[in-house]
Structure formats: structure tokens, C-alpha cells
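A.B. asks: Structure below; questions to follow.
The values are calculated or read from the model by the stated rules, or taken from the named source; none is laboratory data. What you are looking at is a predicted structure, and each value in this text was computed from that prediction instead of being measured. No Cβ is skipped: glycine too gets one built from the backbone with ideal geometry, and neighbour counts run over all protein chains shown. Keep in mind that these areas ignore ligands, DNA and RNA; they rest on the heavy atoms of the full protein, side chains included. Shrake-Rupley method; radii C 1.70, N 1.55, O 1.52, S 1.80 Å.
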Amino acid sequence: MSQNTSTTKKSNFQRKNPAGFLEDRDVKYYQYLAKKSGITNVEALVAIDDLPSDDNLSSAANNITHFAAFIAFGIGALTTVVSVWFEWKYAGRLDDFLYYSGYLLVISTMLALEMTVLFWLGLRTVHQLACLTGHHDLHDDPLLNDAYTVPNMLARAALEVPDPVIHYLGIDPLKHVPKSGLLFIGLLYKAKVLLSSLFIKFVCVRVFGKGSSRLGFAWVAIPVTGIWDAVVMYKVAREARLRLFGNRLARHITDEIMQPEFISQLSAKAKEGAIRAVATMMILSQNHHPNMLVLLIELCKNFETDERCEYDNWADFLTLLNEVSLRERYFILDLLSVSAAFDGHLSRLERHHLPQAFGEHTEVYMLRIEALKEALLSGRLHKAKQLCLLDFEPG
């Protein structure tokens with residue numbers, strides 16, 4: 001038996017857990033929407049330069065987002081009306097068993113309806129945003145497993161579930177995150193809706209007591225729930241935009257910038273530095289955002305990798321910066337700044353360590369990172385493309 005059939009190389013994807021039931025269902029629905037809209041018949045991705053202007057892209061994305069948030073507000077408010085009405089109508093008029101049994105049934109039914117419609121709305125929203133950037137499932141890289149294809153990434157954005165931990169080249173994006181912290185964050189993430197509802201009820205009871213005034217104030221839960229659902233839908237659309245635009249930029253960098261003529265200018269050390277730039281940002285960001293992983297995989301298609309190398313070691317990365325030419329150093333720093341912006345925020349570790357690499361050019365590179373983040377989040381893809389320039393010049 002050959003070795004590659006009995007062992008798994010570090011360069012292969014290693015996903016600990018398969019896609020969940022909801023993610024799998026949402027992926028199938030996304031593919032149905034793509035087929036229904038006809039975008040799966042397109043033979044190639046539309047080039048960024050051929051997409052509408054930034055003003056049109058941003059306006060369309062904002063309209064989609066605002067409409068989805070408005071519908072989400074209505075869903076949250078309407079489903080809450082039923083449970084609040086039941087409490088207002090029957091509190092104190094039924095015996096405790098019948099009242100609480102009926103109340104639990106109403107709450108459960110409305111919650112199930114609310115979650116179902118919100119999941120549907122979220123997926124429709126991210127699909128509409130995907131149409132703006134010309135994405136569809138037939139153009140996913142064959143090197144990507146199902147965890148990081150466009151439908152899967154958007155399905156998780158719509159469901160607001162965390163991305164799976166994928167170990168690529170032996171990189172562990174969460175190695176600086178305490179395991180106890182991961183457990184706490186996971187539990188808090190799952191319980192956020194319940195905790196917010198309990199908090200509201202606790203405040204109502206403490207302030208208004210347990211009499212009729214509390215029942216009257218319970219109607220406040222209607223707009224509160226509506227606002228909460230609108231905020232959640234806004235976050236879904238925001239994350240979908242970030243993933244879609246980042247995905248396009250990652251492919252632009254590797255397919256249009258990293259041409260043979262460009263790559264021929266780079267030494268072996270500079271190529272290694274490019275991979276390290278993305279890998280170290282994955283570690284310092286303390287998450288496994290799909291934009292970074294897609295960029296890393298696309299780079300590894302053009303550059304040779306050594307599976308014995310610890311690419312995510314920050315100290316080794318700083319040492320390498322002193323071993324390349326000045327022009328190559330600026331190329332690596334350009335790529336480092338782009339990678340830092342690709343997940344839409346800067347972590348505490350990134351803000352602490354990045355100046356060590358940027359040195360005297362820290363201010364200009366940090367401004368570039370902020371500008372790229374803003375362009376990605378606001379839907380200005382053409383401006384973001386300009387900020388992804390790798391020109392062997394500082395900043």
C-alpha cells in the first residue's frame with residue numbers, strides 16, 4: 001500500500017466535523033437558487049473590471065441588506081405578538097398547568113416559525129448578494145473541500161454558525177486561543193438569544209413587579225424582538241458581503257497578479273515569505289476566516305511548499321524579512337497587510353505584532369489595512385482591488 005493512502009498530508013484539508021444538517025440543507029437550497037436563476041450556466045467568473053461600478057455595487061448591496069433587515073424586523077415582531085397576546089389574554093385566568101403548557105406550546109411554535117423564516121430569508125439574501133459579484137458553485141477550486149466552497153461559506157453566514165476548523169499546512173488558527181475560552185465563547189454564542197430574552201424579562205420583573213403593569217410592559221418585547229432580528233439579518237448580510245468580496249480579491253491576487261512573469265521576479269525565500277504572511281495572519285487573527293484560507297490555498301497552487309516548515313511561526317517570519325531583498329520585503333509586507341484586512345477586523349494580537357514587521361512604514365500600512373477593510377465591508381470592490389496592489393513599493 002502506498003504511503004499516501006495510509007496517511008494524511010498536512011497540505012490536505014483536515015476537517016474534524018462534517019457539515020451539519022442545517023448547513024447541508026442550506027447548501028442544497030443555495031444550489032437550487034443558483035440553478036433557478038441560471039447563473040450555473042455561466043462558463044467563467046466575470047472579471048472584477050467588468051462588474052458594475054462601486055457606487056452601483058454598494059447601492060445594490062445596501063438595498064438588499066436594508067430590505068432583508070426590514071423583513072426580519074417584521075418576522076420578529078409578528079411572531080412575538082402571538083406569545084405576548086397569549087400572556088396578556090390568559091395570565092391569571094387559567095390554572096397554572098394549562099397556562100404554562102399553552103404558553104410553552106405557543107412560544108415553541110412561534111420560535112420554530114421565526115427561525116425557519118429567518119434562515120430562509122438569510123439564504124435568499126446571501127444568494128442575491130452573490131449574484132452581484134458573479135459567484136456560483138461551478139467555479140469553486142477543486143482543491144477546496146466542501147467546507148470552503150462558496151455555497152458552504154454562504155450557508156454558514158446565513159445560519160450564523162461558526163466556520164469549521166480546517167488544518168492546512170499544519171496551521172492551527174486557534175492555537176493562541178485558550179481551550180476554556182473556546183468553550184465559553186461557543187456556549188455564549190449558542191445561548192445569545194435565550195440570554196437576551198431572559199435579561200429583558202428579568203429587568204421587566206424587577207422594575208414593574210408581577211402585576212398588571214408587567215403584562216402591559218410585555219408588549220415592549222414586540223419591537224425589541226423585531227430590532228434584534230433586524231440586527232441579526234444585517235450581520236448576516238455584512239458577513240456575506242465580506243466573504244464574497246474577499247473571495248473575489250483572493251482569486252484576483254493569485255490569478256491576475258501572480259502571473260508567471262511576476263512570479264519569476266521572486267526568490268525562493270520571497271515565495272516562502274508570501275505563504276508565511278498569510279499563515280501568520282491566520283494565527284494572529286485567532287480565527288479561521290474563509291477568505292484567509294482561500295488566499296493561502298490559491299498561493300500554494302503557484303508556490304512550492306515544504307510540509308516540514310512551520311509556516312505560522314511569527315519569529316521565523318520576522319527573520320525571513322531580513323533575508324530577502326528590499327523590493328521583495330515590500331512585496332511580502334503588501335501581502336501581509338492585505339491578509340490582515342481580509343477578515344474585516346484586526347485582533348489585539350495583530351495590532352501588537354504587525355508594527356514589528358512594518359517598522360518605519362507602520363502608519364502607512366495600517367492606514368491601508370483600515371481602508372481595505374472599509375472597502376470590503378461597504379461593497380466597494382473596485383477600490384478594494386486597487387488596495388490589493390503588490391508593487392514592490394512601501395505602503
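A.B. asks: Any residue at all in the stretch 182-203 that's modelled with pLDDT of 65 or more and open to solvent by less than 40 Å² (accessible area, probe 1.4 Å)?
C.D. replies: First, pick out the residues of the stretch 182-203 that are modelled with pLDDT of 65 or more: none.
So far as the stretch 182-203 goes, no, none of its residues is modelled with pLDDT of 65 or more and open to solvent by less than 40 Å² (accessible area, probe 1.4 Å).
A.B. asks: May I pose another question? Spot the failing condition for Gly359; the list is (1) on the phi < 0 side of the Ramachandran plot; (2) surrounded by fewer than 20 Cβ atoms within 10 Å (Cβ to Cβ), and only one is missed.
C.D. replies: (1)
A.B. asks: Something else now. Quick check on the stretch 343-352. Is at least one of its residues among the polar types (S, T, N, Q) and closer than 30 Å to Leu129 by Cα? Don't jump to the end; show me each part of the working.
C.D. replies: Initially, the stretch 343-352 is screened for residues among the polar types (S, T, N, Q), giving 347.
Keeping just the survivors that are closer than 30 Å to Leu129 by Cα gives 347.
Yes, because at least one residue in the stretch 343-352 is among the polar types (S, T, N, Q) and closer than 30 Å to Leu129 by Cα.
A.B. asks: Among the residues of the stretch 105-113, is there at least one that is assigned to a helix (DSSP H, G or I), farther than 30 Å from Ala240 by Cβ and open to solvent by 70 Å² or more (accessible area, probe 1.4 Å)? Working first, answer last.
C.D. replies: Of all residues in the stretch 105-113, those assigned to a helix (DSSP H, G or I) come to 105-113.
Next, from what is left, pick out any that are farther than 30 Å from Ala240 by Cβ: 105-106.
If we keep only those that are open to solvent by 70 Å² or more (accessible area, probe 1.4 Å) as well, we get 105.
Scanning the stretch 105-113 turns up at least one residue that is assigned to a helix (DSSP H, G or I), farther than 30 Å from Ala240 by Cβ and open to solvent by 70 Å² or more (accessible area, probe 1.4 Å).
A.B. asks: Exactly one of these conditions fails for Thr254: (1) free of Cβ contacts under 8 Å to residues at least 60 places away in the same chain; (2) open to solvent by 10 Å² or more (accessible area, probe 1.4 Å). Give me its number.
C.D. replies: Every listed condition holds for Thr254 apart from (2).
A.B. asks: Let me ask something else about it. Can you give me the number of residues within the stretch 50-92 that are surrounded by fewer than 16 Cβ atoms within 10 Å (Cβ to Cβ) and either of a type in the set (Asp, Glu) or under 13 Å from Asp229 (Cα atoms) (or both)?
C.D. replies: 6
A.B. asks: Would you check if there is a residue in the stretch 266-279 being basic (Lys, Arg), open to solvent by 20 Å² or more (accessible area, probe 1.4 Å) and closer than 12 Å to Leu390 by Cβ?
C.D. replies: Within the stretch 266-279, the first condition is being basic (Lys, Arg), and the residues that meet it are 269, 271, 276.
Now drop any that are not open to solvent by 20 Å² or more (accessible area, probe 1.4 Å), which leaves 269, 271.
Remaining after also requiring closer than 12 Å to Leu390 by Cβ: none.
No, because not a single residue in the stretch 266-279 is basic (Lys, Arg), open to solvent by 20 Å² or more (accessible area, probe 1.4 Å) and closer than 12 Å to Leu390 by Cβ.
A.B. asks: Quick one: which residue in Leu333, Leu249, Leu295 is modelled with pLDDT of 95 or more, among the aliphatic types (A, V, I, L, M), crowded, with 22+ Cβ neighbours inside 10 Å and touching a Leu at 6+ places or on another chain (Cβ under 9 Å)? Break it down into steps so the answer makes sense when it comes.
C.D. replies: Working: Leu249 fails: modelled with pLDDT of 95 or more; Leu295 fails: modelled with pLDDT of 95 or more.
Just a single option satisfies the conditions, and that option is Leu333.
A.B. asks: Looking only at residues that are in contact (Cβ under 8 Å) with a residue 24 or more places away in the chain and small (Gly, Ala, Ser) in the stretch 340-374, which one is nearest to Asn62 (Cα to Cα)?
C.D. replies: This residue is Gly344.
A.B. asks: Those residues that are outside any helix (DSSP H, G or I) and either open to solvent by 30 Å² or more (accessible area, probe 1.4 Å) or touching a strand residue (DSSP E or B) at 6+ places or on another chain (Cβ under 7 Å) (or both), I need them from the stretch 362-382; list them, please.
C.D. replies: Within the stretch 362-382, just Arg380 meets the criteria.
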